[in-house]
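The values are calculated or read from the model by the stated rules, or taken from the named source; none is laboratory data. If you're wondering where the values come from, they're calculated on a predicted model, not measured in any experiment. When the accessible area is computed, the model is the full protein with side chains, heavy atoms only, and any ligands, DNA or RNA have been set aside. Shrake-Rupley method; radii C 1.70, N 1.55, O 1.52, S 1.80 Å.
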Amino acid sequence: MTKFFILNVVLNFAIAFLVYSGIMSFQSGNHLFLFVSIAVLVVLVYLKVVLLKIVKKNAAKKAEDALAEKSKKKGAK
């Protein structure tokens with residue numbers, strides 16, 4: 001889970017940087033850099049959504065395993 005946390009932090013910083021650079025490039029009139037930053041921003045948001053789905057699936061599996069172990073322990077008594 002630590003690697004997912006670190007990846008999430010890195011993605012958040014990258015998204016924030018691209019939003020800021022997109023705003024600055026729009027204000028300066030540099031449309032090429034604006035379009036590139038929007039394209040990379042879309043990819044990073046997609047990766048963040050995929051990461052959140054993976055974390056949610058892992059958390060559900062971990063909770064299911066804990067519940068199964070608890071019921072197995074209870075049945076053994």
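Per DSSP helix of 4 or more residues, -39500 (n - 2.57); summed, then divided by the residues of the chain. What does that give at 222 nm, rounded to the nearest 500?
Numbers: 2 runs with 73 residues, N = 77.
It lands at -35000 deg cm²/dmol.
Can you give the Rg/Rh ratio of the chain, where Rg is from the C-alpha atoms and Rh is the Kirkwood radius? Don't skip to the answer; put the middle values down first.
Working: Rg = 20.3 Å, Rh = 15.1 Å.
With Rh from the inverse mean 1/r over Cα pairs, Rg/Rh is 1.34.
Using a 1.4 Å probe, what is the accessible area per residue for the chain, in Å²? Don't skip to the end; give the middle numbers.
On the way: 6430 Å² over 77 residues.
I get 84 Å² per residue for the chain.
Below 16 Å Cα-Cα, how many Lys pairs turn up in the chain? Only count pairs eight or more apart in sequence, or on different chains, if you could.
Step by step, the pairs that qualify in the chain add up to 11.
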